[in-house]
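Trainee: The structure that follows is given in the form of structure tokens.
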Amino acid sequence: MDFTKDFQTFVDSIWDMNYHEIYELYQAAIGNEKSVTLYRVEPANGSDDTLIIHEASNNALRLTPKAKEFFPKWIEANLMEGSDAESFYGMKYSMERDAEQEARGRK
């Protein structure tokens, strides 16, 4: 497993993140593990740090308590176009549905 403490390095290690994956990363970051299937959240051995592990790539982000507190804000600013998580997901979902509807209309 590869570990990093750098948010961008971790995100870059996950190939072509779509809006579902970004939303799940946010959910993992805020501790809502019930809706998370792509990531595993667990304590780092012997410290107060937390690991967010991307299951498919086996890459992990190690967060200090301070970094863990800041990470959701970083996700919103850098991956969610400055939107809050729910607005971002809703907008992307609507855009995807509109594109599907438009594609069906062209057939």
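The values are calculated or read from the model by the stated rules, or taken from the named source; none is laboratory data. Just so it is clear, the structure is predicted and the values come from calculations on it, not from any experiment. Here Cβ is always computed from backbone atoms with ideal geometry, including for glycine, and neighbour counts include all displayed protein chains. Quick note on the areas: whole protein, heavy atoms, side chains included, nothing else; ligands and nucleic acids left out. Shrake-Rupley method; radii C 1.70, N 1.55, O 1.52, S 1.80 Å.
Trainee: Please name whichever of Leu61, Phe3, Asn18 sits farthest to the positive end of the charge dipole of the chain, dipole taken about the Cα centre and charges placed at Cβ: Lys and Arg +1, Asp and Glu -1.
Mentor: Of Leu61, Phe3, Asn18, it is Asn18.
Trainee: Taking only protein heavy atoms and a 1.4 Å probe, what accessible area per residue, in Å², does the chain have with all protein chains in place?
Mentor: The answer is 62 Å² per residue.
Trainee: Okay, moving on. Please figure out what share of the DSSP beta bridges in the chain is antiparallel and state it in percent, rounded to the nearest 5.
Mentor: 75 percent
Trainee: For the chain, what number of Lys pairs, 8 or more residues apart or on separate chains, have alpha-carbon atoms under 21 Å from each other?
Mentor: Count of close lysine pairs: 6.
Trainee: Please state the shape class of region 1-55: rounded when a/c is under 1.5, otherwise prolate if a/b exceeds b/c and oblate if not, all from the C-alpha gyration tensor.
Mentor: oblate
Trainee: Another question, if that's okay. Report the far tail of the P(r) of region 55-106, meaning the percent of Cα-Cα pairs longer than 14 Å.
Mentor: Of the Cα pairs, 68 percent sit more than 14 Å apart.
Trainee: Report which label in (i) 29, 14, 11; (ii) 28, 19, 13; (iii) 21, 17, 15 holds the value of semi-axes √(5λ) of the Cα gyration tensor in Å derived from the coordinates of this structure.
Mentor: Entry (i).
Trainee: Give me the percent of accessible area attributable to carbon and sulfur for the chain, probe 1.4 angstrom.
Mentor: Of all accessible area on the chain, carbon and sulfur atoms account for 48 percent.
Trainee: Name the most mobile residue of Ser13, Ser87, Ser47, meaning the one with the largest mean-square fluctuation, in a Gaussian network model of the chain with Cα contacts below 10 Å.
Mentor: Taking springs between Cα atoms under 10 Å, the residue moving most is Ser47.
Trainee: Taking only Cα atoms and a 10 Å spring cutoff, compute GNM fluctuations for the chain and point out the largest among Ala85, Ala29, Ala77.
Mentor: Sorting by GNM fluctuation, first place goes to Ala77.
Trainee: For the residue pair Arg104 and Ala67, what label-to-label distance in nm results when each label sits 7 Å from Cα along the Cα-to-beta-carbon direction?
Mentor: 4.4 nm
Trainee: Size of the dipole of the chain about the Cα centre, Lys and Arg at +1 and Asp and Glu at -1 on the beta carbon, nothing else charged, in debye to 20?
Mentor: Taking the Cα centre of the chain as origin, the dipole is about 140 debye.
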